[in-house]
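J.: Structure incoming, see below.
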Amino acid sequence: MSSIESFKQEERVFNSPADFVNNAAISGMEAYRALCAEAADDYEGFWARLAQQNIHWTKPFTKKLDESNAPFYKWFEDGELNVSWNCLDRHLTNGNADKVAIIFESDDGKVTRATYKELYEYVCKFANGLKSLDIKKGDRVIIYMPMSIEGVAAMQACARIGATHSVVFGGFSAKSLQERIIDAGAVAVLTSDYQVRGGKNLPLKAIVDEALAMGGCDTIRNVVVYRRTGGDINFVKGRDTWLHELVEKQATVCEPVAVGAEHPLFILYTSGSTGKPKGVQHSSAGYLLWAMLTMKWVFDIKPNDVYWCTADIGWITGHTYVTYGPLAVGATQIVFEGVPMFPNAGRFWDMVQKHKVSIFYTAPTAIRSLIKAAEADPSVHPGKYDLSSLRLLGSVGEPINPEAWMWYYKNIGGERCPIADTFWQTETGGHVISPLPGATPMVPGSCTLPLPGITAAVVDDGGHDLPNGKGGLLVIKRPWPSMIRNIWNDPERFQKSYFPPELGGTTYLAGDGAIRNEETGYFTITGRIDDVLNISGHRMGTAEIESALVANPIVAEAAVVGKPDETTGESICAFVVLKRSRPEGDDAKQLAKELRDWVAKEIGPIAKPKEIRFGDNLPKTRSGKIMRRLLRVLAKDEDITQDISTLENPAILEQLKQAQ
Ligand code: 6R9
């Protein structure tokens, strides 16, 4: 575990406008401190109060937190609820029935709206359809669908019948899909014929067919296909069903199945430091509670807001801040099928203007690429659009550099909108460190302070608290309701990865480094401490990419490192040793392309190395360990000034220096 000792201090401070503060759910630092004090006084009581006030329970809980089998914590264990009821049914009687729940905009700009009542009825039909396929409470269902009302409804329909969904992002390959199907032991795959992004049709159903043909997926009984484009697909009789045919004959009422608070709502696979992705398992009640509270506290959601989170439902951000949080609090939200650059880099701003978006939540990588595009082409500059409907901005997925923060603040937020730089992870379920827009003074590049109830801290390798100004490991000391419950099928890995014995075995280790400002105590995230890369806000394990590369018959050995990238945050640089002699010139170019395509097939296009360098060997210690820290320096095209005395083969460095 490494840590950063110092970090440049940012001095600019920004405050939210007075009218924002006055109307905010948490208004002023006193209100923030009061909530923190309540949590400090009676931690379990604090969470229990919020769980009683926010969740509709079909059976109230009497137990709050159960720590008897730490770190397998349980919250509100004897309570029962249905998450879909909490997202949909509650709005039928609270005045929201005819309110628009989802404004869907397709890749080519077609707009479809669904009210809460319409969404409720569709989800009921969908859930009845799943029941007709004998899908039951506790079954796992894979969702491999595009951004769509149907995709959101698929997740809600699973929640309604108590089936545990596992959404796989449409950018993952057949092999990745197959691995997830097998690990989850899923009974069905919900997919679509095609996915449309940036004017291109991507064949999702064909990828599902390929995954199932790879073998090992014997648990799958059904494939349900949403018809998005009507393009050609292969249909397997007895296994495949059209979604529209499945739902059309179903009743518009489907009794929600009550589940225990700890019932797994979903499994979401994410990258870790070994080759195999981890199936992060979340609960029902604790997860839903935090999705709702952070919508209220961090996004300050109000009845008239038009809220837009640009994340795909294939990632945790799309789970908490598209499918569950916004619906549970009765928001009107945009669901967007396309990409920020199509038909041009003004797409986001055009949509903000058109739909009068008031809360906008996106990733730094998108902001950085839109800055570049706006500089290159004034016709897509945000200044050309009316963005006056915006009142709050959010950022997620990776550190936002102060320059990008300032651009976002000035050009998108008109120096009027606070920015919530939300730090969190697949494992935390929802935001854990973030400014509260009606309270916290903002500092560009800092996610500021832990949310009420979140006991975040910076510690050393032995778990001892570090003073402000000293970099170390980011941890969360007490269990909180929306935290990861387990790694599906791998409780040992769960304990080892997140609750290491060095930290006492009950403290949650985030996997990021952090440092707190000496005066303000504000947190700045200094990056991952493990071998996990963050490319455009997507988590990729270096080990995962390495094992994909060595699975190619021509590859003898591979090492993957991250390289800082102006737009994507980090990019993937692979050092490869072939079983044949080291290629050069055009031969190397050709092979690099082949290997890139290979990785796209093995994992998905998001894992393609940007750069591949070939060597006769890799830099290794005498004991045979690859010296990745040297590869990181080489990838940056910097000179090696570090100690290389333990290096077995120093000559190799010269060879790996040159990019192809
Ligand atoms: C929500 C999400 C988690 C990793 C996390 C960290 C990085 C996310 C951040 C941030 C700095 C922020 N990260 N938000 N780093 N500032 N505001 O992205 O989940 O895909 O699991 O990634 O992303 O490194 O550990 P996930």
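The values are calculated or read from the model by the stated rules, or taken from the named source; none is laboratory data. Nothing here was measured: the structure is a model prediction, and the numbers come from that model. Note: ideal-geometry Cβ built from the backbone for every residue, glycine included; neighbour counts use all protein chains shown. Just so you know, the surface numbers come from the protein's heavy atoms only, side chains and all, with ligands and any DNA or RNA stripped out. Shrake-Rupley method; radii C 1.70, N 1.55, O 1.52, S 1.80 Å.
J.: Looking at residue 205, is it more than 24 Å from residue 284 (Cα to Cα), basic (Lys, Arg) and under 25 Å from the mean Cα position of the chain (by Cα)?
T.: Yes: the conditions hold for residue 205.
J.: Go through region 521-534 and report how many residues are touching a strand residue (DSSP E or B) at 6+ places or on another chain (Cβ under 8 Å) and more than 11 Å from the ligand (Cβ to nearest atom).
T.: Counting residues in region 521-534 that are touching a strand residue (DSSP E or B) at 6+ places or on another chain (Cβ under 8 Å) and more than 11 Å from the ligand (Cβ to nearest atom) gives 2.
J.: Right, next: Determine if region 262-275 includes at least one residue that is open to solvent by less than 60 Å² (accessible area, probe 1.4 Å), over 30 Å from residue 75 (Cα atoms) and within 26 Å of the chain's Cα centre (by Cα).
T.: Yes: region 262-275 contains one or more residues that are open to solvent by less than 60 Å² (accessible area, probe 1.4 Å), over 30 Å from residue 75 (Cα atoms) and within 26 Å of the chain's Cα centre (by Cα).
J.: Here's a follow-up. If only one of 200, 237 is under 27 Å from the mean Cα position of the chain (by Cα), without any contact (Cβ under 8 Å) to a residue 12 or more places away in the chain and surrounded by fewer than 18 Cβ atoms within 10 Å (Cβ to Cβ), which one is it?
T.: 200 is the lone residue from the list that is under 27 Å from the mean Cα position of the chain (by Cα), without any contact (Cβ under 8 Å) to a residue 12 or more places away in the chain and surrounded by fewer than 18 Cβ atoms within 10 Å (Cβ to Cβ).
J.: Looking only at region 75-85, decide whether some residue is part of a strand (DSSP E or B), among the aromatic types (Phe, Trp, Tyr) and within 20 Å of residue 325 (Cβ to Cβ).
T.: yes
J.: Can you pull out the residues in region 358-372 that are polar (S, T, N, Q) and modelled with pLDDT of 95 or more?
T.: 358, 362
J.: Got at least one residue in region 391-404 being more than 25 Å from residue 565 (Cα to Cα) and within 16 Å of the ligand (Cβ to nearest atom)?
T.: So far as region 391-404 goes, yes, one or more of its residues are more than 25 Å from residue 565 (Cα to Cα) and within 16 Å of the ligand (Cβ to nearest atom).
J.: Looking only at strands (runs of 3 or more DSSP E) that lie completely in region 98-149, which have at least 2 residues being more than 15 Å from residue 334 (Cβ to Cβ)?
T.: The strands (runs of 3 or more DSSP E) meeting that bar are 140-144.
J.: Taking residue 427 as the residue in question, decide whether it is buried (at least 21 other Cβ atoms within 10 Å of the Cβ) and part of a helix (DSSP H, G or I).
T.: For residue 427, the condition - buried (at least 21 other Cβ atoms within 10 Å of the Cβ) and part of a helix (DSSP H, G or I) - is met.
J.: Those residues that are within 15 Å of the ligand (Cβ to nearest atom) and over 24 Å from residue 570 (Cβ atoms), I need them from region 405-429; list them, please.
T.: 418, 429
J.: Could you please give the count of residues in region 143-195 that are basic (Lys, Arg) and within 19 Å of the chain's Cα centre (by Cα)?
T.: Total meeting the criteria: 1.
J.: For residue 445, state whether it is within 12 Å of the ligand (Cβ to nearest atom), at positive phi, more than 17 Å from the chain's Cα centre (by Cα) and not hydroxyl-bearing (Ser, Thr, Tyr).
T.: For residue 445, the condition - within 12 Å of the ligand (Cβ to nearest atom), at positive phi, more than 17 Å from the chain's Cα centre (by Cα) and not hydroxyl-bearing (Ser, Thr, Tyr) - is met.
J.: Find the helices (runs of 4 or more DSSP H) located wholly in region 540-655 whose residues include 3 or more that are more than 30 Å from residue 404 (Cα to Cα) and touching a residue at least 24 places away in the same chain (Cβ under 8 Å), and list them.
T.: 542-550, 585-602
J.: What number of residues in region 107-136 are closer than 26 Å to residue 95 by Cα and not charged (D, E, K, R)?
T.: 13
J.: Continuing with this model, one more query. Out of region 276-304, which residues are open to solvent by 10 Å² or more (accessible area, probe 1.4 Å) and either farther than 25 Å from residue 261 by Cα or not basic (Lys, Arg) (or both)?
T.: Passing the criteria: 276, 277, 281, 297, 301, 302, 303, 304.
J.: Assess whether residue 357 counts as being surrounded by 20 or more Cβ atoms within 10 Å (Cβ to Cβ), within 16 Å of the ligand (Cβ to nearest atom) and of a type in the set (A, V, I, L, M).
T.: no
J.: So, of the residues in region 173-197 that are open to solvent by 20 Å² or more (accessible area, probe 1.4 Å), assigned to a helix (DSSP H, G or I) and of a type in the set (D, E, K, R), which turns out to be nearest to residue 130 (Cα to Cα)?
T.: Restricting to residues being open to solvent by 20 Å² or more (accessible area, probe 1.4 Å), assigned to a helix (DSSP H, G or I) and of a type in the set (D, E, K, R), the top hit is 183.
J.: Can you name the number of the only condition in (1) of a type outside the set (S, T, N, Q); (2) modelled with pLDDT of 95 or more; (3) within 14 Å of the ligand (Cβ to nearest atom) that residue 477 fails?
T.: Unmet condition: (3).
J.: Can you name the residue in region 520-539 that is at pLDDT 95 or above and farther than 13 Å from residue 474 by Cα and, of all such residues, is most open to solvent (accessible area, probe 1.4 Å)?
T.: Of everything passing the filter in region 520-539, 520 is most open to solvent (accessible area, probe 1.4 Å).
J.: Hey, can you tell me all the residues within region 562-587 that are within 27 Å of residue 364 (Cβ to Cβ), more than 16 Å from the ligand (Cβ to nearest atom) and of a type in the set (A, V, I, L, M)?
T.: 574
J.: Here's another thing I want to ask about it. Does region 183-197 hold any residues that are in contact (Cβ under 8 Å) with a residue 60 or more places away in the chain and touching a Phe, Trp or Tyr at 6+ places or on another chain (Cβ under 8 Å), and which are they?
T.: 183, 184, 197
J.: Now a separate question. Between a residue in region 45-63 that is polar (S, T, N, Q) and any residue that is outside any loop (DSSP other than H, G, I, E, B), which pairs come within a Cβ distance under 6 Å, given they are 6 or more apart or on different chains?
T.: Within 6 Å, the pairs are 54/289; 54/292; 58/80; 58/81.
J.: Of all residues being surrounded by fewer than 23 Cβ atoms within 10 Å (Cβ to Cβ) and of a type outside the set (A, V, I, L, M) in region 80-95, which is farthest from residue 257 (Cα to Cα)? Just the residue, please.
T.: Ranking the candidates gives 95 first.
J.: Let me ask something additional. So, in region 430-442, how many residues would count as being in contact with a Phe, Trp or Tyr (Cβ under 6 Å, 6 or more places away or on another chain) and open to solvent by 10 Å² or more (accessible area, probe 1.4 Å)?
T.: 1
J.: Mind telling me which of the residues 256, 326 ends up being open to solvent by less than 20 Å² (accessible area, probe 1.4 Å), in contact with a Phe, Trp or Tyr (Cβ under 7 Å, 6 or more places away or on another chain), modelled with pLDDT of 95 or more and not hydrophobic (A, V, I, L, M, F, W, C)?
T.: Of 256, 326, the one residue that is open to solvent by less than 20 Å² (accessible area, probe 1.4 Å), in contact with a Phe, Trp or Tyr (Cβ under 7 Å, 6 or more places away or on another chain), modelled with pLDDT of 95 or more and not hydrophobic (A, V, I, L, M, F, W, C) is 326.
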